[in-house]
Amino acid sequence: MPNTVFITGATSGFGEACARRFASAGWNLVMTGRRQERLSALKEELQQQCKVHTITLDVRHQEDIQRAVSELPDDFSDIHTLINNAGLALGTEPADECDTEQWINMIDTNIKGLVMMTHALLPALKKNNSGSIINIGSVAGTWPYPGGNVYGGTKAFVKQFSLNLRCDLLGTGVRVTNIEPGLAETEFSVVRFNGDQSKADAVYDGMQPLTADDIADTVFWTASRPDHVNINSLEIMPTQQAWSGFAVDRKS
Ligand SMILES: NC(=O)C1=CN([C@@H]2O[C@H](COP(=O)(O)OP(=O)(O)OC[C@H]3O[C@@H](n4cnc5c(N)ncnc54)[C@H](OP(=O)(O)O)[C@@H]3O)[C@@H](O)[C@H]2O)C=CC1
Ligand SMILES: O=CCS(=O)(=O)O
């Protein structure tokens, strides 16, 4: 019987690449996202390889998460791996110039959505004394940068939540991993810059970013380690990305 993976944000980027990667290995898929047409198109394609269930779901809506999980068809209710991937960054303005609605959206999606999704699926995950919760954090959860303010804060939450969850799940056989990618070219920057493709392209100009497939390979590798191996966290950057020094405000 193939394992089943539950992926949030499967309509684009890392989530979509994970769906393809797990499907190619014969796993069954539960794919979620807000854009129903994209889910349907991907289902049409991937159901040639595996069983697919799609759920149109905005992770900011807690009752919808509960309903999605409680209404999982029998064939898909035995979840082995949860990939908490749905998330977004909005804007790069300094804190005092930010739109607080965007801050709330990031907190509701990246933090509240992730913890509620996790809570809803924990009983199913614990039932088999094995499996994985793979959270998609970010380098922004460890390393600060100007304009990262709330986005980085949400990913720092994901990092610490992952560690604490691991403590709580000790003895259950359920593993927890925080994957922390650096610059990766997906729809991420187009969303961050509110659809401005030229601003998004500038982020990756003159360098080779990570691809969604790079991250999907890493997620699949993490999920397919032997049961006794827990990858706690993995920070992954493009070779052409590194850290910079501290900034200093020199008055003279
Ligand atoms: N690309 C990068 O450089 C990096 C990205 N990340 C993280 O990776 C994750 C995936 O991003 P990435 O693939 O790059 O970006 P994309 O914009 O390509 O994909 C984001 C996915 O999240 C989904 N999503 C966003 N908001 C919601 C919501 N409220 N409810 C349900 N689904 C939602 C989108 O689906 P839909 O719009 O259909 O709902 C989409 O499938 C995010 O958590 C991001 O923070 C981390 C490090 C680096
Ligand atoms: O999480 C995404 C990577 S970055 O844009 O914050 O560096």
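The values are calculated or read from the model by the stated rules, or taken from the named source; none is laboratory data. Just so it is clear, the model here is predicted, and its values are computed rather than measured. Here Cβ is always computed from backbone atoms with ideal geometry, including for glycine, and neighbour counts include all displayed protein chains. Note: areas computed on protein heavy atoms with side chains; ligands, DNA, RNA excluded. Shrake-Rupley method; radii C 1.70, N 1.55, O 1.52, S 1.80 Å.
Among the listed pairs LYS126/LYS159; LYS199/LYS251; LYS127/LYS155; LYS51/LYS126; LYS51/LYS127, give every one whose C-alpha distance is greater than 25 Å.
Violating the 25 Å Cα-Cα cut-off are LYS199/LYS251; LYS127/LYS155.
What angle do you read, to the nearest 10 degrees and between 0 and 90, between the alpha-carbon axis of helix 13-24 and the longest principal axis of the chain?
30 degrees
Pull up all non-local amide H partners of HIS53: gap of 5 or more, or a different chain, and H-to-H distance under 5 Å with H placed in the peptide plane.
Those lying under 5 Å, H to H, from HIS53 are LEU29, VAL30, MET31.
Kirkwood hydrodynamic radius (Cα pairs, Å) of region 27-169?
Roughly 16.4 Å, rounded to one decimal.
For the chain, find the longest principal axis of its Cα atoms and tell me its angle to the long axis of helix 212-223, 0 to 90°, nearest 10.
50 degrees
Could you tell me the convex hull volume per residue, in Å³, taken over the Cα atoms of region 1-45?
Hull volume over Cα atoms, normalised by residue count, gives 60 Å³.
Non-local amide H neighbours of GLU235 (under 5 Å, H modeled in plane, Pro and chain starts lacking H): which ones?
Under 5 Å from the amide H of GLU235 lie the amide H atoms of GLU180, each far enough along the sequence or on another chain.
For region 181-252 and region 103-158, what is the centre-to-centre distance using only Cα atoms, to the nearest Å?
So the separation of the two Cα centres works out to 16 Å.
Per residue, how large is the accessible surface of region 173-252? Use a 1.4 angstrom probe and give square angstrom.
61 Å²
Could you give me D for the chain, from Stokes-Einstein at 10 °C and 1.306 mPa s, where the hydrodynamic radius is the Kirkwood radius over C-alpha pairs? Units µm² s⁻¹, please. Could the numbers behind the result be given before it?
Numbers: Rh = 18.6 Å.
Calculated translational D: 85 µm²/s.
What angle, in degrees between 0 and 90 and rounded to the nearest 10, separates the Cα long axis of helix 114-127 from the longest principal axis of the Cα atoms of the chain?
30 degrees
Only helical DSSP H runs with n ≥ 4 go in: add -39500 (n - 2.57) per run for the chain, normalise by residue count and round the 222 nm mean residue ellipticity to 500 deg cm²/dmol.
-11500 deg cm²/dmol
Could you pull the accessible area for HIS119 with a 1.4 Å probe, rounded to 10 Å²?
We get 120 Å² for HIS119.
Just to verify a number: what accessible area does ASP75 come out at with the full protein assembly present, 1.4 Å probe, Å² rounded to tens?
Result for ASP75: roughly 80 Å² accessible.
Å³ per residue of the Cα convex hull, for region 119-161?
71 Å³
Within region 143-252, list the trypsin sites (Lys or Arg not before Pro) lying in a DSSP loop whose Cβ has at most 14 other Cβ atoms in a 10 Å radius.
In loop regions of region 143-252 (DSSP not H, G, I, E or B), the sparsely surrounded trypsin sites (Lys or Arg not before Pro) are ARG250, LYS251.
From the residues PRO226, GLY137, GLY33, which one has its Cα farthest along the dipole of the chain in the positive direction, the dipole being from +1 and -1 charges on Cβ of Lys/Arg and Asp/Glu about the Cα centre?
After comparing all options, I get PRO226.
To the nearest µm²/s, what D does Stokes-Einstein give for region 145-252 at 37 °C and 0.692 mPa s, using the Kirkwood radius over alpha carbon pairs as Rh?
On the way: Rh = 16.4 Å.
Taking Rh from Cα pairs, D becomes 200 µm²/s.
For region 107-200, go through all pairs of different Cα atoms, get the mean of 1/r, take its inverse, and jot down that Kirkwood value in Å.
So the Kirkwood estimate lands at 14.5 Å.
Of the accessible area of the chain, with the probe set at 1.4 angstrom, what percent is carbon plus sulfur?
Working: 6360 of 12670 Å².
Its accessible area is 50 percent carbon and sulfur atoms.
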